[in-house]
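Nothing in this text is a laboratory measurement; each read-out follows from the coordinates by a stated rule. Values in this document were obtained by computation on a predicted structure and should not be read as measured data. Neighbour counts run over all protein chains shown; Cβ positions are idealised from the backbone, glycine included.
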């Protein structure tokens, strides 16, 4: 079971292409990083790890969370909002603060 979990989280595996662990993480897309983070959390919650392995996984989990946050911010920066104007439709960047404020105060 531990080997299966190691495979799910990538624990104990050398980074592909001989790169560093940080380079390996940076190559992950959002979905991959999130899946790996979830598998890491499951392993930590089981409580069957030694201290050193638990600390290593915790640190990796922190890096994965930061990566997921960064990927979400990057996606948010690419989101564009269509705005109707007198000269037709135009595309503008989403206002700072994200989609939470989009449509606020608009009347139907």
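The gain in end-to-end length when the residue 74 to residue 62 segment is fully stretched comes to 2.5 nm, 0.36 nm per residue minus the alpha carbon separation. Per-residue packing, averaged as other Cβ atoms within 10 Å, sorts the ranges 56-63, 43-50 into the order 56-63, 43-50, beginning with the highest.
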